[in-house]
Amino acid sequence: MLESLSQWIAGHHVLLTGIGFASLVLFVVTLLFLPWLVAQIPADYFSHKRREPLPWKELHPFFRYMILILKNIVGGLLLLAGLAMLLLPGQGWLTVLFGLILMDYPGKFRLERKIVSQPKLLRLINWLRKKQHKPPILFQS
């Protein structure tokens, strides 16, 4: 079995090199994009029990649905890529998290609140926000 695995790897070295390179690029992009993304969250985003309507929800229905479809497609692709990265090289959990953040589904806001309210993660998020000169995230139980 080990020999057949090594033969498969030898036969697919271009594919594996491409996956490794894509994983490295995605990792670097994630590291660069994460501080900016965290800084875009309004400080009072989690202080409400319900999600406040986003500005793009005021657009014409055609554009609103196109944005929604595009967000869900990209989120779904990131979710699938993250799940694959749990077995392949890459930052799987971080990519899964980005996919879940982009997609729209029932209970998303409660899940976001639960995840972000974890003390260690909240400290990290607020540290990133401080570096971007943004106020800390506020929570109201």
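The values are calculated or read from the model by the stated rules, or taken from the named source; none is laboratory data. Bear in mind that the values here come from a model prediction, so they are computed numbers and not experimental data. As a convention, Cβ positions derive from the backbone with ideal geometry for all residues, glycine included, and neighbour counts pool all protein chains shown. Keep in mind that these areas ignore ligands, DNA and RNA; they rest on the heavy atoms of the full protein, side chains included. Shrake-Rupley method; radii C 1.70, N 1.55, O 1.52, S 1.80 Å.
Applying the set (1) part of a loop (DSSP other than H, G, I, E, B); (2) over 20 Å from V28 (Cα atoms); (3) open to solvent by 70 Å² or more (accessible area, probe 1.4 Å) to L87 leaves exactly one unmet item: (2).
Give R123, R64, R113 a once-over and let me know the one that is charged (D, E, K, R), assigned to a helix (DSSP H, G or I) and open to solvent by 70 Å² or more (accessible area, probe 1.4 Å). Before the answer, list the steps.
Details: R64 fails: open to solvent by 70 Å² or more (accessible area, probe 1.4 Å); R113 fails: open to solvent by 70 Å² or more (accessible area, probe 1.4 Å).
One residue alone meets the criteria, R123.
If you go through region 83-112 and keep only what is over 15 Å from the mean Cα position of the chain (by Cα) and within 11 Å of F46 (Cβ to Cβ), you end up with just R110. Within region 37-50, being part of a loop (DSSP other than H, G, I, E, B) and at pLDDT 80 or above holds for Q40, I41, P42, A43, D44, Y45, F46, S47. Here G18 fulfils each of the conditions (1) under 21 Å from V116 (Cβ atoms); (2) open to solvent by less than 60 Å² (accessible area, probe 1.4 Å); (3) free of Cβ contacts under 8 Å to residues at least 24 places away in the same chain apart from (1).
Just to verify a result, which residue in region 112-141, among those that are free of Cβ contacts under 8 Å to residues at least 60 places away in the same chain and among the aliphatic types (A, V, I, L, M), is farthest from K49 (Cα to Cα)? Checking each candidate, the answer is L124.
Among the numbered conditions (1) assigned to a helix (DSSP H, G or I); (2) open to solvent by 70 Å² or more (accessible area, probe 1.4 Å), the only one that F98 does not meet is (2).
Inclusion of L34 among residues that are touching a Ser or Thr at 6+ places or on another chain (Cβ under 6 Å) and either at positive phi or assigned to a helix (DSSP H, G or I) (or both) is not warranted.
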